[in-house]
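Here, each number is a calculation from the coordinates, and none is a lab measurement. Since this is a predicted model, take the numbers as computed values, not measurements. Glycine also receives a Cβ, built like all others from the backbone with ideal geometry; neighbour counts cover every protein chain displayed.
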Amino acid sequence: MPTTRIPLLLTAAAAFGVVLASAAPVRAQAFACGDTIGPGAKVALTADVATCTSATDAALTIVGPSKVDMAGFRVLCDPNDPPLAGILVDGKGVKLSGGGTVDCGGDDGVTFGAGIVLIGDGSHKLDDLVVESSALDGFRIESDKNKLRRAAANDNADDGVEINSSGNKLDQVAAIANQDDGFRIDGDGNKLGSVVASGNGSDGFVVESGGAGNKIKAALFADNGDDGVALVGPGNEIAKSVAVANGDLPEDAGIDLQGDGNRVKQTRSLDNHFSGVRADAGASGNTVQKNVALLNEVDLVDRSPGGTCDGNTWKKNVFGTSDADGNAGAPCIQ
Amino acid sequence: MRHLPWRAGVGSLLALALLCGRPAAVLAQLACGAIVPAGAKVTLTGDIGPCAASAGNPAITLSGGAKLDMGGHKVVCDDGDRPVGIQMEGKGAKLSRGGAQHCSVGLVVAGEGKHKVEDFVATDSSADGVVVASDKNKLRFVAATHNGDDGIDVDGTANKIEDSQAVDNFEDGIVADGGGNKLTRVAGVGNGDGGIDLNGSGNKVKGCTGTGNAEDGVNIDGDDNKVERCLFSHNGTGDDDDAGVEVEGDDNLVGKSILLDNDVRGLLVQPGAGANVRKQNLALGHGEDDLEDGNAGCGSNQWTKNRFGTSAAGGVDDPACIE
């Protein structure tokens, strides 16, 4: 799994210094591979941007503040030679909506791209977008305080949505059938609501060790190849969500707590391959409260040594089976 | 709560029910083939089974007015001789906090209806996971996974299914053959056929999810159904009729829904289907058209205030009738 950031990829304005469309009113326009839009642009696409190759780092670059309506058109890349980014969103305050990318987002061995990459000063607002079949990630969010709403990342060769930044808000975003994780977060304080991760090859949702204080609410994690959710970082929260039918390996869980101080509450974990909710050995200070875990091989599991759930709190849960470091039905899991 | 440490059979439960005008819940372990009598309140202390059909079919019967709290436990059926897992009979029974595994059908909600089911999982059935055969039942937090036919099959009318999921079933996820049912915040994910099938009429589906199903996200074969505020993405496997939403009936409404990257179309109205309303939907990223009406000039169907990339009606691209 690629983890290299994109310090990269062009800071677009500096790289090209090209403004193809400037201030209001909205102008309908066709664009070519390698074009840069903005800053200060208001445009609506009139055709697909195709077929783009690695001849430029980004098929299309948008520098904020700008407003781009893709009007249902897409950036189409050469699957055998894709650029690093299908759409590179740079600067601050880009509004992008109504389109997507196909077959974009490759890597050059140093920089790992994605279908749509958000960099710059952030505060971008993206609505109504589909990123599919990227050579790496679908969405890659490297800047802060962005909003992504009503979007899908499907069939990408790595993660569906990768967030390496903070303070982003995602709502109604689906990550489906990506080869690695559905959502992968390595930043802090992001909020995700009504997201769906299904049919991904690895985890549905993972917060890596560098991710803290993220909140996930009203999410569905179903039919993913490994865990529904894995919380490796500390202080994250999952609430009012469902993890169902995830995993196909002996250790796979609906929700796997590997880090410290995470909270799982009012969530259902059903018929996952091994455990419903599991705190791994070394994970402490986690709170698992008011959840329902049913028909998992073992519903609630705490691997803290000694069978006393050392530092983890399990209370007011509904479950059939539990295990604390080999002690079935241990009283520390309630 | 009274505790029955022994293996309680039908007789002891019935005796309890008769002894108490309003019986307290008893902790009990039911045997395969047990019938929980009317008025009894039982909380399970362990899993039941494996139950063979020869020992009683259904494995557990809930009489009208009975309450069974499964306490996190499940009915396990015998793979070689599968009974129905749990069958609810009569009127107004309540079932909660458990599941059924390896049965012919995990749960049958039968009788005169008005039953309540909450937190139940039906998995690995040879046929459907859950069959709702009666009317005016309320099912909440129900999951049907890895079943050999459909996940949740609603044959009755005026049922409410809420916060429930059908995942990885061999055929459809959720099927409403009956009419006048309300399905709220339901999901059909990764099923072998469609995510949600509305074969009956007058059903309302709101806040649903259909992703990764092999055929349609939702197929509307009946009439007068409403589908609103749903998400359909990555459904279909290339069959020309596959779509996020496929409409074959009349007078249906699809509104305020999101259709992204389905194979092959976003929202498809088949030829001959009429008087359907499609409004305020978002449809993007489809291999063929985002919005397609099989009728020339859209027939009597209305398409208003949708956001999309490509459209067609009666074989004509970008028709004026699709807005």
Select the strands (runs of 3 or more DSSP E) contained entirely in segment B:225-323, then report the ones holding at least 1 residues which are more than 14 Å from every other protein chain (Cβ to nearest Cβ). B:226-228, B:243-247, B:253-255, B:265-269, B:277-279, B:291-293, B:302-304, B:311-313
Let me confirm something: among A:Val117, A:Val206, A:Val131, which residue is closer than 17 Å to A:Arg74 by Cβ, touching a residue at least 24 places away in the same chain (Cβ under 8 Å), away from every other protein chain (no Cβ under 12 Å) and not in a loop (DSSP other than H, G, I, E, B)? A:Val117
Matching residues, segment B:86-106, being under 22 Å from B:Gly39 (Cβ atoms) and more than 11 Å from every other protein chain (Cβ to nearest Cβ): B:Ile86, B:Gln87, B:Met88, B:Glu89, B:Gly90, B:Lys91, B:Gly92, B:Ala93, B:Lys94, B:Leu95
Looking at segment B:57-92, which of the residues that are of a type in the set (S, T, N, Q) and within 22 Å of the chain's Cα centre (by Cα) is farthest from B:Ala110 (Cα to Cα)? B:Thr61
Residue that is nearest to the other protein chains (Cβ to nearest Cβ), among those in segment A:33-71 that are farther than 22 Å from B:Ala283 by Cα and acidic (Asp, Glu): A:Asp35
Just the residues that are part of a strand (DSSP E or B) and within 13 Å of chain B (Cβ to nearest Cβ), please, taken from segment A:162-177. A:Asp171, A:Gln172, A:Val173, A:Ala174, A:Ala175, A:Ile176
Which one of the conditions (1) part of a loop (DSSP other than H, G, I, E, B); (2) touching a residue at least 12 places away in the same chain (Cβ under 8 Å) does A:Gly109 fail to meet, given that it meets all the rest? (2)
Evaluate segment A:270-284: report whether one residue or more is farther than 23 Å from B:Asp124 by Cβ, surrounded by fewer than 24 Cβ atoms within 10 Å (Cβ to Cβ), within 12 Å of chain B (Cβ to nearest Cβ) and more than 21 Å from the chain's Cα centre (by Cα). no
Select, from B:Asn181, B:Asn147, the only residue that is more than 14 Å from chain A (Cβ to nearest Cβ) and either crowded, with 24+ Cβ neighbours inside 10 Å or touching a Pro at 6+ places or on another chain (Cβ under 7 Å) (or both). B:Asn181
Flagged in segment A:209-229 as away from every other protein chain (no Cβ under 14 Å) and either over 15 Å from the mean Cα position of the chain (by Cα) or surrounded by fewer than 24 Cβ atoms within 10 Å (Cβ to Cβ) (or both), in numbering order, are A:Ser209, A:Gly210, A:Ala212, A:Gly213, A:Lys215, A:Asp226
Taking the stated definitions as given, is B:Gly111 surrounded by fewer than 24 Cβ atoms within 10 Å (Cβ to Cβ), within 13 Å of chain A (Cβ to nearest Cβ) and not in a strand (DSSP E or B)? no
Every listed condition ((1) under 21 Å from B:Ile258 (Cβ atoms); (2) away from chain B (no Cβ under 13 Å); (3) crowded, with 24+ Cβ neighbours inside 10 Å) holds for A:Arg74 save (2)
Can you spot a residue in segment A:70-85 that is more than 19 Å from the chain's Cα centre (by Cα) and small (Gly, Ala, Ser)? yes
Of all residues in segment B:43-85, which are closer than 14 Å to B:Asp124 by Cα, surrounded by fewer than 24 Cβ atoms within 10 Å (Cβ to Cβ) and either touching a strand residue (DSSP E or B) at 6+ places or on another chain (Cβ under 6 Å) or without any contact (Cβ under 8 Å) to a residue 12 or more places away in the chain (or both)? B:Pro50, B:Val76, B:Asp78
What pairs come up if the first residue lies in segment A:221-246 and is more than 12 Å from A:Gly276 (Cα to Cα), the second is assigned to a loop (DSSP other than H, G, I, E, B) and hydroxyl-bearing (Ser, Thr, Tyr), and their beta carbons are under 6 Å apart, counting only those six or more places apart or on different chains? A:Gly225/A:Ser202; A:Asp226/A:Ser202; A:Val232/A:Ser209; A:Gly233/A:Ser209; A:Ile238/A:Thr267; A:Ser241/A:Thr267
Top-ranked residue in segment A:134-149 [being under 17 Å from B:Leu282 (Cβ atoms) and surrounded by fewer than 22 Cβ atoms within 10 Å (Cβ to Cβ); ranked as farthest from the other protein chains (Cβ to nearest Cβ)]: A:Lys147
Does A:Lys95 satisfy the condition of being surrounded by fewer than 20 Cβ atoms within 10 Å (Cβ to Cβ), in a strand (DSSP E or B), more than 14 Å from chain B (Cβ to nearest Cβ) and not aromatic (Phe, Trp, Tyr)? yes
